[in-house]
1. Could you tell me how far the Cα centroid of region 397-461 sits from the Cα centroid of region 46-95, in Å?
2. What whole number of Å gives the distance from the Cα centroid of region 163-223 to the Cα centroid of region 263-328?
3. Figure the gain on full extension for V175 and D483 (residue separation times 0.36 nm, minus the Cα-Cα span) and round it to one decimal in nm.
4. So which aspartates and glutamates pass the test for K184, namely a Cα distance under 19 Å, with those fewer than 8 places away in the same chain ruled out?
5. Using a/c under 1.5 as the rounded threshold, could you call region 410-493 rounded, prolate or oblate? The axes a ≥ b ≥ c are square roots of the C-alpha gyration tensor eigenvalues, and prolate needs a/b larger than b/c, oblate otherwise.
6. Sequence neighbours fewer than 8 away in the same chain don't count; with that in mind, list the lysines whose C-alpha is under 22 Å from K464.
7. With a 1.4 Å probe and all protein chains kept in place, how much accessible area does W382 have, in Å² rounded to the nearest 10?
8. State to the nearest 20 debye the size of the charge dipole of the chain about its Cα centre, where the only charges are +1 on K and R beta carbons and -1 on D and E beta carbons.
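The values are calculated or read from the model by the stated rules, or taken from the named source; none is laboratory data. Keep in mind the model is a prediction, meaning the values are calculated, not measured. A quick note on method: Cβ atoms are made from the backbone with ideal geometry, for glycine too, and the neighbour counts reach across all protein chains shown. Areas reflect the complete protein model, heavy atoms only, side chains present, ligands, DNA and RNA absent. Shrake-Rupley method; radii C 1.70, N 1.55, O 1.52, S 1.80 Å.
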Amino acid sequence: MLFAFSCVEEENNIGIIVPQPNDTTTHEYMNGIEPEVYVDAGVPISDIYEISILKGDKKEKVVVFQSTCPEYEAGYMNMAENDKFPLDIFKDRTISWVNFSMEGTVTVEVKVISAKISTGSETKVLPSRHRITPATSGNIISFTLSKPGQYSLEVGATGYKNGLIIFANPKETDVPDKNATGTKVLENATKDTLRQIGQSINTLYFDAGLHDIGVYQVPSNIKNIYLKDGAWVYGSLLMAGRPDVKIYGRGVLSSGRLNYRESHCIEAISGSDRIHLEGIVVADPKYFAVRLIGKNNTVKWVKIIGGWVYNCDGIAAYEGSTVSNCFIWANDDAIKIYRNNITWSDIVVWQLNNGGIIQMAWTSSNATNVKISRVDVLHAEWNKPGFNRGLLNCIGNYYRERDDVSGLQKDWVIEDVVTENAVPVVFNITPDNFTPNKIQGLTLKNWNVKMTMDTAFENEIKGKIPANSNIKPEEYFTGFVFDNVVFNGVKLTAANWLIITKTQVENLTNPIFK
């Protein structure tokens, strides 16, 4: 829905354009509601960027949201002592973001309204695989998008510290009928609103505007939860024994008003199979963003943004699941793959100072027949070595929980991986030797990765053998294939790979190089 009105543009103290009544200029807002509605409800709006979208002779404004790293305050919203470390690291950092739908070709016009960003610096639009070249004129940066995706505008060497993410969604084609039998249209919904919904309702339709639902345990009668473009829903969605639930739309689900680690943002457990997530933004996580423990789930065009503390994992979707076209901002493990027959594709990741980007195992995870394609890593901000770091990370039973089942990762293909900026470490495959963990068949194909060398970080691929194990060392890590892997600009071969990557290896059968 678009709103048109007459106004004079006047900046307020947070950088948003606030309409004034005596102008004759017409403005349209793509997010469906006027921006001051968000401001009045306390939704943070960017004080660094303003954005318009141009298509043909039509120009529309779009609301730019902003997440700011909070200051550490012991006990505030249940902040714990270990939150202080990451919050001190990212103090004064922000990430702005915008969310809209498109078809065909559009031009994005970004107006920089803060001295935090110097438009005289080199400007990039990432991922680089899309070959987008921005143009700068004064404080206006513009670029053309020919297809939907998730894009990062980065100005200068440190501009990412107050960065801008563009969530350009495909045109929405699956919109529920507000008047359909069993559909409840919600305006400014609260916890009490949801408690009063009867058993005859199977679809919740969150209309454009503000909602505050707290931690919502989805009841058995609800099968569809739709967040309209312009809907901002504070709260979380939890499913226990609730299969076949669809959560979709172009709205926002925010944990901004929840306490730290009060609730995962979206969780499905206890037989909650075949969960379908599509199109929404998961904002301000204070715990795991998307945790789908059931089977045969689908996650596509989901965007995660604005989590700053530890335990802000990205996406886990268990056996038989497909994840595609997603953006993950994480301060814990981003891409979690712990079960069989899982496919990931077209993923953009921004990793903070904790967690693995592609995590193969935790404890004795078993995952066979896994394919991961087209992963673009914008940043990985690990500031010190640790077991839970690395572009490709395998931990095993690090905490030595009682578990007699061996971990196995078998028949994996990870292809088309790019690091846009040098990362501190690429390989951290170091399962603990408390319980056996084997990798049998791992193909890395068409990688172009960069790593900052000669630091405290070290590449490791080490098969750990438990005490009194009858498994032969050569059975631990076998079937590794490096197929056109370029590391710091050099293609890896059998003759150079240990020299170029400085990888420490144990119990690894010699890889094949193509």
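1. 31 Å
2. Value for the Cα centre distance between the two parts: 17 Å.
3. Working: separation 308, 0.36 × 308 = 110.88 nm, distance 4.26 nm.
Extra length available between V175 and D483 comes to 106.6 nm.
4. D174, D192, D207, D212, D229, D244
5. Numbers: a/c = 2.88, a/b = 1.63, b/c = 1.76.
Oblate, because a/c is 1.5 or more while a/b does not exceed b/c.
6. K336, K410, K438, K472, K502
7. Accessible surface of W382 is approximately 10 Å².
8. Values: 50 positive and 58 negative charges, 290 e Å.
Using only the charged Cβ atoms, the result is roughly 1400 debye.
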